[in-house]
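Here's the structure, in structure tokens; my notes come after.
The values are calculated or read from the model by the stated rules, or taken from the named source; none is laboratory data. Fair warning: this is a prediction, and the values are worked out from it, not measured in the lab. Glycine gets a Cβ as well: all are built from the backbone with ideal geometry, and neighbour counts include every protein chain shown. Side chains are part of the model used for accessible areas, which takes the heavy atoms of the whole protein and leaves out ligands, DNA and RNA. Shrake-Rupley method; radii C 1.70, N 1.55, O 1.52, S 1.80 Å.
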Amino acid sequence: MSRQWHDLHNPAARASLYLRAASKRSISGERLPDDGLRCFIRVQPGNLGAYRRLCHFPDDGRLPGTYPHVMAFALQLQLMTADDFPFPLLGLVHLHNRIEVLRPLGAVEGLRFAVYTHNLQRHAKGGTFDLVTEAEDGIGLLWRETSRMLVRGLALEGEASEPADPEPDPLAEATRWYADSDIGRRYAKVCGDYNPIHLSAVSARLFGFPTAIAHGMWTKAMALAALRGHLPHSGYAFEVDFRKPVRLPSEVVLSASEAGPSGQLRLDGHGDVLHMVGRWESL
């Protein structure tokens, strides 16, 4: 497929993008656009420091493996609120996220990002597509993220692609933490993700949640920070499947394999609630 790239000087302002998102509440088509967006985005030291503190990453001279997601978030919003994007942004469900750190993320002043969507598939609850974000430095590809998104109510022909969700293996506890009631607002302030389901019980109820839920990417970042000693500095993939959302406030328990070239993790809550399962591997 020949992709049409649009090169930007800067992503659009997030406020305008959320206004566009709020104005679209229904599915308008069944085909992903062929367009992609590219933009050079500089690291903002103040924002990076706030992200490290919020997600418990050390200041070790390297970008946290999940931080390029934050840098590219406005570009992702711009792609998924464009006129030719067929699905409403509000209501998309983040099912899966994989990041690949191909080379060390040290001494990075900025990255050139490319964002596009592909792989539209039927799902038992609608349809899924992959949102792909790639980051390059002066040498070449440095980092890649693939986020699988669920579009509820999308009617597509063909067989559903929903895989089975086997119960993950029991693992030794690595750490636990408390997700307090305002973590959604604090993460939104740092990362720009102001989805109402994360901000308060009142706004979450508008979308069918009894209380606010934690951002999946905050939960993943906390897990990566806690397990950073299990993984190399680069040349690895770290991926998770999001299961039950973390309702705020609540305590969660992270369990994981021993350090090594590959391993598994899981995040559990009280009452046998499984929030997240994942794995890492050397590339």
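So, of the residues in region 67-93 that are open to solvent by 30 Å² or more (accessible area, probe 1.4 Å) and touching a Leu at 6+ places or on another chain (Cβ under 8 Å), which turns out to be modelled with the lowest pLDDT? In this case the residue turns out to be V93.
Which ones in region 164-181 are open to solvent by less than 50 Å² (accessible area, probe 1.4 Å) and either touching a Lys or Arg at 6+ places or on another chain (Cβ under 6 Å) or in a loop (DSSP other than H, G, I, E, B) (or both)? Those that are open to solvent by less than 50 Å² (accessible area, probe 1.4 Å) and either touching a Lys or Arg at 6+ places or on another chain (Cβ under 6 Å) or in a loop (DSSP other than H, G, I, E, B) (or both): P168, L171, D180.
For region 231-257, the tally of residues that are modelled with pLDDT of 95 or more, more than 16 Å from A214 (Cα to Cα) and not in a strand (DSSP E or B) stands at 2. Of all the numbered requirements in (1) under 30 Å from V273 (Cβ atoms); (2) open to solvent by less than 70 Å² (accessible area, probe 1.4 Å); (3) of a type in the set (D, E), E134 misses one, and that requirement is (1).
Confirm whether M217 is touching a Cys at 6+ places or on another chain (Cβ under 9 Å) and farther than 27 Å from Q121 by Cβ. Judged against the criteria, M217 is not a match. Taking (1) farther than 27 Å from D59 by Cβ; (2) open to solvent by 30 Å² or more (accessible area, probe 1.4 Å); (3) in contact (Cβ under 8 Å) with a residue 24 or more places away in the chain in turn, S234 satisfies each apart from (1). Filtered by the rule that a residue be farther than 15 Å from D241 by Cβ, open to solvent by 10 Å² or more (accessible area, probe 1.4 Å) and touching a strand residue (DSSP E or B) at 6+ places or on another chain (Cβ under 8 Å), region 137-153 gives D137, L141, R144, R152, G153. If you go through region 98-110 and keep only what is part of a strand (DSSP E or B) and farther than 24 Å from T219 by Cα, you end up with just G110.
How about region 11-23: which of its residues are under 23 Å from H118 (Cα atoms) and either open to solvent by 70 Å² or more (accessible area, probe 1.4 Å) or not aromatic (F, W, Y) (or both)? Lay out the reasoning, then the answer.
Initially, region 11-23 is screened for residues under 23 Å from H118 (Cα atoms), giving 11-12, 17-18, 20-21.
Residues satisfying the conditions are P11, A12, L17, R20, A21.
Restricting region 269-283 to residues that are of a type in the set (G, A, S) and touching a residue at least 24 places away in the same chain (Cβ under 8 Å), the residue that is surrounded by the fewest Cβ atoms within 10 Å (Cβ to Cβ) is S282.
Working carefully through the options R228, R266, find the one that is under 24 Å from F73 (Cβ atoms), in contact (Cβ under 8 Å) with a residue 12 or more places away in the chain, open to solvent by 20 Å² or more (accessible area, probe 1.4 Å) and of a type outside the set (A, V, I, L, M, F, W, C). Don't jump to the end; show me each part of the working.
On the way: R266 fails: under 24 Å from F73 (Cβ atoms).
None of the others qualify; the one that does is R228.
Taking each residue of region 129-148 that is assigned to a loop (DSSP other than H, G, I, E, B) and looking for partners that are at pLDDT below 95 with beta-carbon atoms closer than 7 Å, six or more apart or interchain, yields D137/V108. Across region 244-253, the qualifying residues are those that are crowded, with 18+ Cβ neighbours inside 10 Å and either touching a Phe, Trp or Tyr at 6+ places or on another chain (Cβ under 7 Å) or basic (K, R) (or both), and the one among them that is nearest to R186 (Cα to Cα) is R247.
Is it true that P64 is open to solvent by less than 20 Å² (accessible area, probe 1.4 Å) and out of contact with any helix residue (DSSP H, G or I) (no Cβ under 8 Å at 6 or more places or on another chain)? So P64 does not fit the description; no.
Filter region 106-121 down to residues that are crowded, with 17+ Cβ neighbours inside 10 Å and either farther than 30 Å from H233 by Cβ or at pLDDT 95 or above (or both), then give me how many there are. Quick ask: steps written out before the conclusion?
Initial filter on region 106-121 (crowded, with 17+ Cβ neighbours inside 10 Å): 108, 111, 113-117, 120.
After this cut, where a residue has to be either farther than 30 Å from H233 by Cβ or at pLDDT 95 or above (or both) as well, the list is 111, 113-117, 120.
Total satisfying the criteria: 7.
The lone criterion from (1) in a strand (DSSP E or B); (2) in contact with a helix residue (DSSP H, G or I) (Cβ under 7 Å, 6 or more places away or on another chain); (3) more than 22 Å from V273 (Cα to Cα) left unmet by Y194 is number (1).
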